[in-house]
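The values are calculated or read from the model by the stated rules, or taken from the named source; none is laboratory data. Quick caveat: nothing in here was measured; it's all calculated off a predicted structure. We place every Cβ from the backbone using ideal geometry, glycine too, and count neighbours over all the protein chains shown. Accessible surface areas use protein heavy atoms only, side chains included; no ligands, DNA or RNA. Shrake-Rupley method; radii C 1.70, N 1.55, O 1.52, S 1.80 Å.
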Amino acid sequence: MPTSHRFIPDLSADEISAIQTSGLNWTLAHAFAGNPAYRQKLSAAGYEPGMTLSLEDITSLPFTTTDDLREGYPLPLLSVPQEDVVRVHASSGTTGKRKVLAYTQADIDTWKHMFARCYELAGLSVLDRVQIAVGYGLWTAGAGFQIGCEHFGAMAVPVGPGNMEIHLQLLEDMQTTTLCSTASMALLMAEEVQKRHLKGKIALKKAIFGAEPHSDKMRRRIHELLGIEESFDIVGMTELYGPGTGLECCAHAGIHYWADLYILEILDPQTLRPVAPGEVGEMVVTTLRKEAAPLIRYRTRDLTRLLPGECSCGVRLPRHDKILGRSDDMIIFRGVNIYPGQVAAVIELFKELGSEFRIHLFRKGGKDQMLLQVERRPEADPTYDQNLSEAVSEELRKQVMVRAWVEVMGQGELPRSFGKTKRVVDDREAGEQ
Ligand code: AMP
Ligand code: ZN
């Protein structure tokens, strides 16, 4: 299929390799010259200015981690004179200090161009009206969706998260065509649209969901309640500009990522060696033209796999699978390693269940216990809750190898979120319950 894109480049594998090779060497020289911490780490690894590395040589370079971000607080990895910085953004960071990342004007321009590609890949046009329901301010989310939308040329309706009344009013009055939010926020909105019988009055066709993993089940429910035809998973992180580092395409077969802007390695988180092609591992990224805070082999902790082969959508940029979880999200329960995504996959099998779930861990009887709370679909009969709970528990035992109590709740009984949903509540340190 021919592609005629304005923002998405059509590059062959060889062209991408050439861009990555020169970008890698530019980044090394730039970070070495501009940042003392990088200079020290690169020197220790045998790098000297003037060297030209090949792409294969990347494995000899040192990693960058969240510890490096913490140590450099408040302007970690800064590799340009401070007068060149035009903005900072920050992410909450799970422990300790916020991760603050600086941007030059060229970085902002790269980001907005990269984000415009996302809207293009999702098939938007300049006539689309894009309601943005993610956080503005210090966070990258709102800023990214906004500059990308303006650069692409569609109409941004910047509302931010929460503000349900304003959102619903604008969906109707502006006849918004595209919603950008977390899947959690979209579900909340969808349930509100249903309660107020607004589906016939709104014009949403597409949605772009980011910031958290979401199941197909959750997506189907949102589509059904909002009358959406198609939705797209968007990836990104503050360290790597922000959201928009890749998007699911119209073939819905993985996420195309911008390999001309960063190198993606998928490594075994234990050995830090590349996994076999197609295996799941940690995403490790190296930027190719990021000025203020370049990343050299930054360990993201996000887990995914590369998807080989050409995509039927015609875009030649490579693909990775959706983000399957974070290595930090792993729960160790009675010696078994579990990711919330595995639990979501079990729930997916039961047509009587909705998409929402919460894993509660606690101690009782001298042992760790797991309670999985799930929601029944509105049309499912509560009389069979006991059978359903036993069936889910049995499936968890078979597929995830854990014994858990399963509580079936009514539709809407679990807490909803304007942002990322917290799927795991761990009270094991709190003592016996
Ligand atoms: P932040 O830097 O605060 O924007 O958060 C970035 C993190 O959110 C990533 O490292 C991922 O763990 C997670 N994340 C972002 N987008 C997605 C997505 N589409 N699916 C799953 N997780 C995501
Ligand atoms: Zn594609």
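Given a cut-off of under 8 Å on Cα pairs at least six residues apart, what relative contact order in percent is computed for the chain? Write down the numbers at each step before the final one.
Numbers: 869 pairs, mean separation 62.7, N = 433.
Reported as a whole number, the value is 14 percent.
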Translational D in µm²/s for the chain (Stokes-Einstein at 10 °C, 1.306 mPa s, Kirkwood Rh from C-alpha pairs): 69
Beta bridge orientation in region 346-433: antiparallel %, DSSP, nearest 5: 50
Cleavage-rule hits (trypsin sites (Lys or Arg not before Pro)) in region 172-266: DSSP loop, at most 11 neighbouring Cβ within 10 angstrom: R196
Phi-based couplings in Hz for region 289-303 (Karplus 6.51, -1.76, 1.60; Gly and Pro marked x): 8, 7, 8, 5, 9, x, 10, 10, 6, 7, 7, 7, 6, 7, 10
Amide H contacts under 5 Å for W139, placed H, 5+ residues apart: A90
Rounded to whole Hz, the Karplus (6.51, -1.76, 1.60) HN-Hα couplings of region 225-235, x for glycine and proline: 6, 9, x, 7, 8, 8, 9, 9, 8, 10, 10
Amide H contacts of R377 (H built 1.01 Å from N, under 5 Å, at least 5 apart or other chain): L353, G354
Dimensions (Å) - region 236-347, Cα atoms, principal axes, largest first: 45, 35, 26
Accessible carbon and sulfur surface of the chain relative to its total accessible area, %, 1.4 Å: 52
Flagged links, alpha-carbon separation over 22 Å, of K195/K322; K97/K322; K99/K420; K322/K422; K195/K217; K97/K422: K195/K322; K97/K322
Calculated from backbone phi, Karplus (6.51, -1.76, 1.60) coupling profile of region 162-176 in Hz, x at Gly/Pro: x, 6, 4, 4, 5, 4, 5, 4, 6, 4, 7, 6, 7, 6, 4
Amide H contacts under 5 Å for M237, placed H, 5+ residues apart: G242, T245
DSSP beta bridge pairing in region 130-270, given as percent antiparallel to the nearest 5: 30
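Which order do the peptides 244-250, 305-311, 376-382 come out in when sorted by mean C-beta neighbours inside 10 angstrom, highest first?
With the highest mean Cβ count within 10 Å placed first, the list reads 244-250, 305-311, 376-382.
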Selected from R363, R87, R98 as most flexible by GNM, with the chain as the system and alpha-carbon contacts under 10 Å: R363
Share antiparallel - DSSP beta bridges, the chain, percent rounded to 5: 60
Average accessible surface area per residue within the chain, 1.4 Å rolling probe, Å²: 44
